[in-house]
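Asker: Handing you a structure now.
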Amino acid sequence: MNGAAKGAIVGGVFLTMVGAAGYGVYTLVGGEDGGAAGGGTATRAERRTGPPDAEETARTAKAFLTAWAAGDERAAADLTNNPALAQPAVGEFRTKAYVSKAVITPGTPTGTTVPFTVAAEVTFEGVTKPLAYESKLTVVRGLTTGKALVDWQPSVLHPQLQRDEKLRTGAAAAAPVKAVDRDGQELTAQKYPSLKPVLEQLRKTYGQTVGGKPGVETWIEPAARDAPKRVLLTLAEGEPGLLKTVLDADVQAAAEKAVAAYPESSVVAVQPSTGHVLAVANNRADGFDAALHGTRAPGSTLKVLTAAMLIDRGVVSADKPVECPKTVSGGGRSFHNLENMELKGASFATDFAVSCNTAFIGQMKAVGDESALADEARQVFGLGLEWKAGVPVFDGDVPAASGPEAAAAYIGQGRVRMSPLNVASVTATAKTGVFHQPVIVEEGVGERVLARAERQMRSGTSRQLVQMMRQTAASGTAARVMSSVGGDKGAKTGSAEVDGAAAPDSWFTGFSDDVAAAAMVQSGGHGVDAAGPLVARVLNAG
């Protein structure tokens, strides 16, 4: 049956009286006929100004909801301040979302805002399922007519609808996927909430290739073409295909618990020997997957990469002294250490362990190449090489810079942008001396080619980096947090200043045996205070 025919049948059953509490069809006790809210042409004498009063608000809300419930998209749209957008949206509620019945019940208005509940039924190819939700509308004064009108927003139809998004019902674009971890344990969004966007993307990417059969769903069609659909209702279950990931359920569970303790936090764990992503977790009010897609300055955690570049180029050695003055000039700008720290005669490893900014920036002149850090990031650590992880990820950005920005990049500031995944990968590369592109699904599944680094670190660089990170974990800035971590361990702390923020972002990265992890807590302060405990907990689980 084609879509037009389905829509006609749906429209035929949409008008169903369900009683005095609401319309399915919509009823409001008292008041005038719904058409009075927007009907007629206001004369200059009748034209009103200022916010609508309680009576206007009630009449306008009643008229709009009545028209919507009756399937009269033209009448409903004319009662809004944007008929051009409202009319197709209200019409498609029946013809594209296939809502066959809707009972709309108002709540108590607050000023010009009217809450309401929708108890709907969705019918597609003979299958009917209930869809219930709450939403609200606001009544405003028309700018040119002076009429009381509904302020049109997509969220009026459904609270999760955003600009340019659509409500749709039909056969799912992709079959469901049963994702399992490396040992065959099933991964679900109910058990591991942070994995919800990852699982949705895995379904989108692999649903048609791992043997599954699509079901029937009601979903929100996103405005961005590459964004995943957000399923609201499943009318008919599909048959899932089995997809094995490289995630580790135990490490994932630890990561979920770790981020729960810190708002606006993210953490990632990677296996250095393979690049396998063991865990991805976020705790953010905005729902953003910062662990995989974050683009924040990583602060002093980038000194792992900067140190590698300096050692690779023969500028420093871990055991040789490098001055750590209170201040140093870099690119014409003065840089200083936290609390104006100063060390004389200390080795570069000690400068690294206590996170001396000036010891790093002070080497710019000896390097003599402002693109050196960007080259090291791309050629050795694989940053910016279009990672194919099995789901979309940000692959880091350490751009070539000049002047003060080039100096700031040495300590993870300026224009450098990283996610916890990127920083965890940097630590994993430092640990082994070889870049393994991070993956959630192994390379052989699907058609993709993993990024390969152009060159490896020079002989001995990895050994020195690991030595410096071990010292940082044993007696440097990370010692307090890493004391609880077992195995062969190393770490690096970081904090990143952000314009306009009350506190810096907290960053921390570390390894224990064959697990590397990195965390970021937005506006969390020093790395050891917020991000550090997250990494320690994840490393202990690995």
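Asker: How large is the charge dipole for the range 289-363, taken about the Cα centre, if only the Cβ atoms of Lys, Arg (+1) and Asp, Glu (-1) carry charge, to the nearest 20 debye?
Answerer: In debye, rounded to 20, the range 289-363 gives about 160.
Asker: Report the percentage of all Cα-Cα pairs in the range 133-203 whose separation exceeds 17 Å, rounded to a whole percent.
Answerer: Details: 1648 of 2485 pairs.
In whole percent, the share of Cα-Cα pairs in the range 133-203 beyond 17 Å is 66.
Asker: Using the beta-carbon distance between residue 110 and residue 273 and R0 = 51 Å, what value does 1/(1 + (r/R0)^6) give for FRET efficiency, to the nearest 0.05?
Answerer: E(calc), rounded to 0.05, equals 0.30.
Asker: So what does the Cα-only Debye profile of the range 352-391 read at q = 0.17, 0.30 Å⁻¹, as log10 I(q)/I(0), no solvent term?
Answerer: -0.63, -0.99
Asker: Stretched out fully, how many nm does the piece from residue 295 to residue 445 gain, at 0.36 nm a residue minus the Cα gap?
Answerer: On the way: separation 150, 0.36 × 150 = 54.00 nm, distance 2.77 nm.
51.2 nm is the gain from fully extending residue 295 to residue 445.
Asker: Hey, another quick one. DSSP loop GluC sites (Glu not before Pro) in the range 157-259 with at most 13 other Cβ atoms within 10 Å of their Cβ, which ones? Kindly include the intermediate steps, with their values, before the conclusion.
Answerer: Details: sites: 165, 186, 200, 217, 237, 256; in loops: 165, 237.
Passing both the DSSP loop test and the Cβ count: 237.
Asker: What do you get for Rg/Rh over the range 250-541 if you use C-alpha atoms and the Kirkwood form of Rh? Show your work: numbers first, answer last.
Answerer: Details: Rg = 17.2 Å, Rh = 18.3 Å.
Across the range 250-541, the Cα-based Rg/Rh ratio is 0.94.
Asker: Using alpha carbons only, what's the Rg to Rh ratio of the range 396-525 with Rh from Kirkwood? Before the final figure, lay out each step's value.
Answerer: Numbers: Rg = 16.0 Å, Rh = 16.2 Å.
Ratio value, two decimals: 0.99.
Asker: Tell me the Kirkwood hydrodynamic radius of the range 251-393 in angstroms, computed as one over the mean inverse distance between distinct C-alpha pairs.
Answerer: Details: mean 1/r = 0.0571 Å⁻¹.
Here the Kirkwood hydrodynamic radius works out to 17.5 Å.
Asker: Taking the range 380-464, which trypsin sites (Lys or Arg not before Pro) meet the DSSP loop condition and have no more than 12 other C-beta atoms within 10 Å? Don't skip to the answer; put the middle values down first.
Answerer: Details: sites: 388, 415, 417, 431, 448, 452, 455, 458, 463; in loops: 388, 415, 448, 452, 455, 458.
Filter output for the range 380-464: 452, 455.
Asker: If each of residue 74 and residue 415 carries a label point 7 Å out from its Cα toward its Cβ, how far apart are those two points in nm?
Answerer: Once both label points are built, they end up 5.6 nm from each other.
Asker: Continuing with this model, one more query. Do the sum for the chain: with -39,500 (n - 2.57) for every DSSP H run of n ≥ 4, divided by all residues, what is the mean residue ellipticity at 222 nm, to the nearest 500 deg cm²/dmol? Display every interim value, and only then the final one.
Answerer: Values: 17 runs with 157 residues, N = 542.
Dividing the helical sum by the residues of the chain leaves -8500 deg cm²/dmol.
Asker: I would also like to ask the following. Filter the GluC sites (Glu not before Pro) in the range 301-374 down to the DSSP loop ones having no more than 10 other Cβ atoms within 10 Å, then list what survives. Mind showing how you got there, number by number?
Answerer: Details: sites: 323, 339, 342, 370; in loops: 323, 342, 370.
Passing both the DSSP loop test and the Cβ count: no residue.
Asker: Take the range 177-243, drop everything but the C-alpha atoms, weight them equally and run the Debye formula without solvent; then report log10 I(q)/I(0) at 0.12, 0.15, 0.28 Å⁻¹ to two decimals.
Answerer: -0.31, -0.49, -1.45
Asker: How much of the calculated P(r) for the range 313-389 lies past 19 Å, in percent of all Cα pairs? Can you show the working numbers first?
Answerer: Values: 1321 of 2926 pairs.
Of all Cα-Cα distances in the range 313-389, 45 percent exceed 19 Å.
Asker: Here is a further query. Treat every Asp and Glu Cβ in the range 250-541 as -1 and every Lys and Arg Cβ as +1, leave all other atoms uncharged, and give the resulting dipole magnitude about the Cα centre to the nearest 20 debye.
Answerer: 560 debye
Asker: How big is the equivalent ellipsoid of the range 49-141 along its three axes, where each semi-axis is √(5λ) from the Cα gyration tensor, reported in whole Å from largest to smallest?
Answerer: Numbers: eigenvalues 132, 47, 15 Å².
Taking √(5λ) for each Cα gyration eigenvalue gives 26, 15, 9 Å.
Asker: Hey, another quick one. So how compact is the chain: Cα radius of gyration and Dmax in angstrom?
Answerer: In order Rg, Dmax, the Cα atoms of the chain give 29.0, 88 Å.
Asker: With each pseudo-label sitting 7 Å past Cα toward Cβ, what's the residue 288-residue 455 distance in nm, one decimal?
Answerer: For the pair residue 288/residue 455, the computed spacing is 3.6 nm.
Asker: Right, another one. Considering all projection directions equally, how large on average is the shadow of the alpha-carbon convex hull of the range 258-302, in square nanometres? The partial results should precede the final answer.
Answerer: Details: hull surface 15.4 nm².
The directionally averaged projection comes out at 3.9 nm².
Asker: Quick check: convex hull of the Cα atoms in the range 320-477, volume per residue, rounded to a whole Å³?
Answerer: Numbers: hull volume 18.8 nm³, N = 158.
That works out to 119 Å³ per residue.
Asker: Just grab the label-to-label distance for residue 475 and residue 244, each label 7 Å out from Cα along the Cβ direction, in nm (one decimal).
Answerer: In this crude label model, residue 475 to residue 244 measures out at 4.6 nm.
Rule-based calculations on the coordinates, nothing more; no lab input. Small disclaimer: the values here were computed from a predicted structure and weren't measured. Using ideal geometry, Cβ is built from the backbone for each residue, glycine included, and neighbour counts are taken over all protein chains shown.
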